[in-house]
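Data first, discussion second: the structure below is written as structure tokens.
The values are calculated or read from the model by the stated rules, or taken from the named source; none is laboratory data. From a predicted model like this one, the values you see are computed outputs, not experimental measurements. Here the Cβ positions follow ideal geometry from the backbone for every residue, glycine too, while neighbour counts run over all protein chains shown.
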């Protein structure tokens with residue numbers, strides 16, 4: 001049957017239908033149209049909400065304003081995390097390190113424990129774990145809930161929208177920005193967050209570059225260096241502002257490094273087409289507070305903290321052992337420091353710093369107390385530090401130890417900040433990368449590539465400073 005015959009047949013059928021039936025069909029169509037329209041057209045309250053959504057999106061997804069808003073928002077999140085964690089970290093330090101360490105040590109001594117066993121278990125293993133909990137728990141307990149609130153509110157997809165073009169030009173995936181943001185709480189959590197990227201190639205790029213997001217364990221080092229060295233170069237009224245600006249600058253260098261390394265990987269060993277994906281911007285919605293707290297505290301904070309504590313326990317024991325076991329009348333720590341000093345000089349650092357990073361691979365949180373302990377036990381002991389016992393000092397005391405006993409300069413502080421940003425991931429993150437990639441090859445690359453980059457950058461900075469007469 002031809003199309004003309006079909007149309008003719010349909011016309012005859014329509015003519016044979018009763019007129020009231022045709023009217024009822026038409027009326028039904030209009031009724032359905034009215035119902036659909038009533039559910040589609042916004043009421044006044046909904047129209048107001050949509051207007052707010054549009055206004056927010058005009059600002060948050062603007063080619064220029066979106067980046068400015070993003071920078072201000074994340075600066076506020078980091079600032080709030082850092083300042084908000086100060087008091088609870090101090091309380092935990094008093095509870096676990098000051099009181100807990102003293103109580104456990106007295107208990108071991110009262111039960112007649114040998115000095116070596118008390119030192120290994122209490123001064124080493126326990127103190128290392130206590131430091132990690134005191135330093136790491138409060139920032140994570142603040143950062144992860146705020147991050148989850150932004151996620152529930154609908155802002156993080158806008159971040160991916162803003163950064164998509166930058167990561168696409170780097171041969172990476174726009175969703176890498178989301179995993180990168182998670183890395184600012186913990187790199188292990190950032191590696192797990194790369195599961196949202198479907199492309200195996202682009203997910204691997206995101207995993208390999210997540211280390212350049214500054215995790216909780218590295219913030220104390222950056223803040224301390226920015227405060228007692230860089231901030232001290234400015235007038236007192238501007239010292240805190242300059243210190244904060246130096247830390248933010250390092251964070252921005254980390255983002256730029258992630259883009260550059262992503263581009264390099266996509267053009268060499270991880271060539272491929274950049275995925276084109278449809279990014280849906282969900283409506284803004286009020287976050288669910290209790291669900292957010294549960295997700296961020298139970299599923300993120302405590303899981304990551306457990307991994308870090310497990311890794312920090314042996315690190316604390318190793319620190320105590322190398323500081324208290326002598327070879328030829330000199331501690332293992334002193335031998336290792338002397339051996340690392342030439343490399344440290346090339347990098348604008350010193351052997352103590354490099355040794356601290358070696359023994360603190362399980363947890364970056366113990367870098368500063370390890371440096372202070374090693375500096376005082378291997379050099380002039382300005383504050384009666386015990387061998388292998390980590391301690392916390394005030395900013396003035398810390399500056400005195402580092403400059404007088406350690407011989408630090410401004411170059412040392414700047415290169416330590418760069419090295420802290422770029423060096424290899426902690427053992428918790430390395431283990432997570434191994435689990436996520438199921439590849440020893442890429443786990444090795446993830447560990448050694450940032451370390452090589454850290455060596456190259458700090459060596460170049462030290463050389464330039466010395467040539468300029470500043471080293």
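Looking only at the stretch 361-375, count how many residues are farther than 16 Å from residue 417 by Cβ and in contact with a helix residue (DSSP H, G or I) (Cβ under 7 Å, 6 or more places away or on another chain).
So in the stretch 361-375, the residues farther than 16 Å from residue 417 by Cβ come out as 361-363, 365-366, 369-370, 372-375.
If we keep only those that are in contact with a helix residue (DSSP H, G or I) (Cβ under 7 Å, 6 or more places away or on another chain) as well, we get 361-363, 365-366, 369-370, 372, 374-375.
The qualifying residues number 10.
Taking residue 379 and the conditions (1) under 18 Å from residue 409 (Cβ atoms); (2) modelled with pLDDT of 80 or more, which numbered condition does it fall short on, given that it satisfies the others?
For residue 379, the failing item is (2).
How many residues are more than 16 Å from residue 313 (Cα to Cα) and assigned to a helix (DSSP H, G or I) if we restrict to the stretch 105-127? Reasoning before the result, please.
Going residue by residue through the stretch 105-127, those that are more than 16 Å from residue 313 (Cα to Cα) are 105-116.
Next, only the ones that are assigned to a helix (DSSP H, G or I) stay: 105-110, 115-116.
The total comes to 8.
Which of (1) more than 30 Å from the chain's Cα centre (by Cα); (2) at pLDDT 90 or above is the odd one out, the single condition residue 357 does not satisfy?
It is condition (1) that residue 357 fails.
Give the residue, chosen from 311, 336, that is modelled with pLDDT of 80 or more and either within 20 Å of residue 422 (Cβ to Cβ) or buried (at least 16 other Cβ atoms within 10 Å of the Cβ) (or both). Lay out the reasoning, then the answer.
Working: 311 fails: modelled with pLDDT of 80 or more.
336 is the lone residue from the list that is modelled with pLDDT of 80 or more and either within 20 Å of residue 422 (Cβ to Cβ) or buried (at least 16 other Cβ atoms within 10 Å of the Cβ) (or both).
Does residue 258 satisfy the criteria of being touching a residue at least 60 places away in the same chain (Cβ under 8 Å) and crowded, with 19+ Cβ neighbours inside 10 Å? Write out each step before concluding.
Working: touching a residue at least 60 places away in the same chain (Cβ under 8 Å): yes; crowded, with 19+ Cβ neighbours inside 10 Å: yes.
Answer is yes for this residue.
Determine which member of the set 84, 90, 124 is farther than 21 Å from residue 259 by Cβ, touching a helix residue (DSSP H, G or I) at 6+ places or on another chain (Cβ under 9 Å) and buried (at least 19 other Cβ atoms within 10 Å of the Cβ). Step through it out loud before you land on a result.
Details: 84 fails: buried (at least 19 other Cβ atoms within 10 Å of the Cβ); 90 fails: buried (at least 19 other Cβ atoms within 10 Å of the Cβ).
Being farther than 21 Å from residue 259 by Cβ, touching a helix residue (DSSP H, G or I) at 6+ places or on another chain (Cβ under 9 Å) and buried (at least 19 other Cβ atoms within 10 Å of the Cβ) holds for just one of 84, 90, 124, which is 124.
Is it the case that some residue within the stretch 198-218 is more than 30 Å from residue 267 (Cβ to Cβ) and touching a helix residue (DSSP H, G or I) at 6+ places or on another chain (Cβ under 9 Å)?
yes
Matching residues to (1) closer than 28 Å to residue 188 by Cα; (2) free of Cβ contacts under 8 Å to residues at least 12 places away in the same chain; (3) crowded, with 21+ Cβ neighbours inside 10 Å:
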{"position": "288", "(1), (2), (3)": "yes, no, no"}
{"position": "316", "(1), (2), (3)": "yes, no, yes"}
{"position": "346", "(1), (2), (3)": "no, no, no"}
{"position": "366", "(1), (2), (3)": "yes, no, yes"}
{"position": "373", "(1), (2), (3)": "yes, no, yes"}
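Residue 356 passes all but one of (1) crowded, with 16+ Cβ neighbours inside 10 Å; (2) in contact with a helix residue (DSSP H, G or I) (Cβ under 6 Å, 6 or more places away or on another chain); (3) in contact (Cβ under 8 Å) with a residue 40 or more places away in the chain; which number fails?
(3)
Going residue by residue through the stretch 228-248, is there one that turns out to be surrounded by 21 or more Cβ atoms within 10 Å (Cβ to Cβ), within 18 Å of the chain's Cα centre (by Cα) and within 24 Å of residue 149 (Cβ to Cβ)?
yes
Go through 230, 260, 253, 223 for me and flag whichever is part of a helix (DSSP H, G or I) and at pLDDT below 85.
Working: 230 fails: at pLDDT below 85; 260 fails: at pLDDT below 85; 253 fails: at pLDDT below 85.
Just a single option satisfies the conditions, and that option is 223.
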